[in-house]
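Engineer: Here it is, the structure in full.
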Ligand SMILES: [Zn+2]
């Protein structure tokens, strides 16, 4: 599993004697050095700063001053400057959180009061996710990096997974509770503070996929971890407190509510049809694409790049050779896309090389379409979004399929969807945009250059948006 990631033998850099009063640490991993025959060439490429060796990702494991783990992921052999000591005088934090089960719904709630002290909208020159430089030490001691992952200093879940089994307190079913064990990691997608995931090139996006895969393999092996959840929040509208492009990985000690519902639905579907729910779902969506388009898709001439390939009512946005993206039949959000590998796998570690190779093109295309949805007088209005990667929890690998649920809370260039009475109060979503319309828009914006569209499309969109906005307002007022 995770066949493309190999460990580098980290070279400890400067030791902690440079006047820092705290504990400085930089321990190189003792993992096996990359053994691929091409590693020498990859190293030469990396040092020369040229294009990186395709198909080989190296990781370097180090430790931050307070004992948290930091891992660098590099395409090819990383520069020896990766294992740089963290010279900050950081005290180890002892986060304590608790999980409690709602006796009415069975949902687990994490209570982490210590998170109130976490970093909140720091100025750009104090960004903790930028590489360190002289006089400005961040969470990343190295002066540069490609992708870096570290344990969150203010985690919602912490502690040694497996030391406290969940669920506890079976003798008191109304008050099931336990320590919030697990692990929360931050994934820095790039050293470029002003970039966004959609700005990455395909090689770099592949590196992030390799990092997600590696984290999934490693964290799901920890005792007590039930599910590894990789996600990205993008945009202040979502509540992002750090502008630097990054995502997170949560190793959860429980099965979250949405997954629990999917497990139930998959079991019912299996009982009723003898088939897998996700297999049927993806096949049905792909079948809605114009005949021949899906079968003829390839990396050179992918189907799904021309709206004319699709009937009006198709919800498919992109049909690749190995991946399919579609707006779900009962989409909850104004613009919501689910992305599945065509071949069902339980999690990132199950993807084969063909699927991994096609992923960057498909995923970057999707994100860029989201960024083209909301133009405002020729100016690009980037869509705030949540990218949520669903992976099979432990024990459900046979039925639950790896997939992405990508959605934005933006309805129009100047209107957001807020979760209010029906959604927050009852978990009943009211969506103002028809899923088939959303799919059509997402197909159209794939054709237009960024932040622009044909006059015809603009006129049509404006008209529809206006109508939709009026309807929105009325509906929302009616709900109040
Ligand atoms: Zn930054």
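Where a number appears in this text, it was derived from the coordinates with a stated rule and is not lab data. In this text, all values refer to a predicted model and were calculated from it rather than measured experimentally. As a convention, Cβ positions derive from the backbone with ideal geometry for all residues, glycine included, and neighbour counts pool all protein chains shown.
Engineer: Hey, what's the per residue convex hull volume over the C-alpha atoms of segment 71-154, in cubic angstrom? Write down the numbers at each step before the final one.
Structural biologist: Values: hull volume 12.2 nm³, N = 84.
In segment 71-154, the Cα hull volume divided by residue count equals 145 Å³.
Engineer: Among 258-271, 140-153, how do they line up from the highest to the lowest mean number of other beta-carbon atoms within 10 Å?
Structural biologist: Values: 258-271: 14.6, 140-153: 22.4.
Listed from highest to lowest mean packing, they are 140-153, 258-271.
Engineer: How much of the calculated P(r) for segment 352-451 lies past 23 Å, in percent of all Cα pairs?
Structural biologist: 41
Engineer: Right, here's the next one. Quickly rank 192-199, 89-96 as a protection proxy: mean count of other C-beta atoms within 10 Å, highest first. Each step should come with its number before you reach the end.
Structural biologist: Working: 192-199: 16.2, 89-96: 14.0.
Top of the packing list down: 192-199, 89-96.
Engineer: Please compute the modelled spin-label separation between residue 420 and residue 93, points set 7 Å along Cα→Cβ, answer in nm with one decimal.
Structural biologist: Taking the simple label geometry, residue 93 and residue 420 are separated by 3.5 nm.
Engineer: Sorting 418, 322 on the 10 Å Cβ count, fewest up front, what's the list?
Structural biologist: Ascending Cβ contact count within 10 Å gives the list 418, 322.
Engineer: Right, another one. Looking at the square roots a ≥ b ≥ c of the eigenvalues of the Cα gyration tensor of segment 219-266, which shape do they give, rounded for a/c under 1.5, prolate if a/b is larger than b/c, or oblate?
Structural biologist: Working: a/c = 3.50, a/b = 1.63, b/c = 2.15.
Judged from the Cα gyration tensor, segment 219-266 comes out oblate (a/c at least 1.5, b/c at or above a/b).
Engineer: Among 369, 344, rank each residue by its count of other Cβ atoms within 10 Å, from fewest to most, as a rough exposure measure. If you can, show how the numbers build up before the last one.
Structural biologist: On the way: 369 25, 344 20.
Fewest-to-most Cβ neighbours within 10 Å comes out as 344, 369.
Engineer: Take the Cα gyration tensor of segment 308-351, multiply each eigenvalue by 5, square-root it, and list the three semi-axes largest first, rounded to whole angstrom.
Structural biologist: Equivalent ellipsoid of segment 308-351: 21, 14, 7 Å, largest first.
Engineer: Still on this structure: Sort 426-432, 275-281, 69-75 by packing, meaning the average of other beta carbons within 10 Å per residue, with the highest value first.
Structural biologist: 69-75, 275-281, 426-432
Engineer: Which value results when the Cα radius of gyration for segment 341-390 is divided by 2.2 N^0.38 Å?
Structural biologist: Details: Rg = 14.5 Å, N = 50, 2.2 N^0.38 = 9.7 Å.
In units of the globular-protein estimate, segment 341-390 measures up at 1.49.
Engineer: Please give the length that would be gained between residue 270 and residue 397 if that part of the chain were fully extended, namely 0.36 nm times their separation in residues minus their C-alpha to C-alpha distance (nm, one decimal).
Structural biologist: Using 0.36 nm per residue and subtracting the Cα-Cα distance, I get 44.3 nm.
Engineer: A further question on this structure: Take 208, 228 and order them by how many other Cβ atoms sit within 10 Å, fewest up front. Display every interim value, and only then the final one.
Structural biologist: On the way: 208 26, 228 29.
Lowest count first: 208, 228.
Engineer: I've got another one for you. Please report the projected area of segment 188-249's Cα convex hull averaged over all directions, in nm². Mind showing how you got there, number by number?
Structural biologist: Details: hull surface 19.1 nm².
Reported value for the Cα convex hull: 4.8 nm².
Engineer: So, one more: Please compute P(r) over all alpha-carbon pairs of segment 178-284, binned at 5 Å starting from zero, and give each bin as a whole-number percent.
Structural biologist: 2, 10, 15, 15, 16, 17, 14, 7, 3, 1, 0
Engineer: Another question about this same structure. Run the quick spin-label model on residue 174 and residue 238: label points 7 Å from Cα toward the beta carbon, then report their separation in nm to one decimal.
Structural biologist: 4.0
Engineer: Could I ask something else about it? What number, in nm² with one decimal, is the all-direction average of the projected area of the convex hull of the alpha-carbon atoms of segment 385-426?
Structural biologist: 4.4
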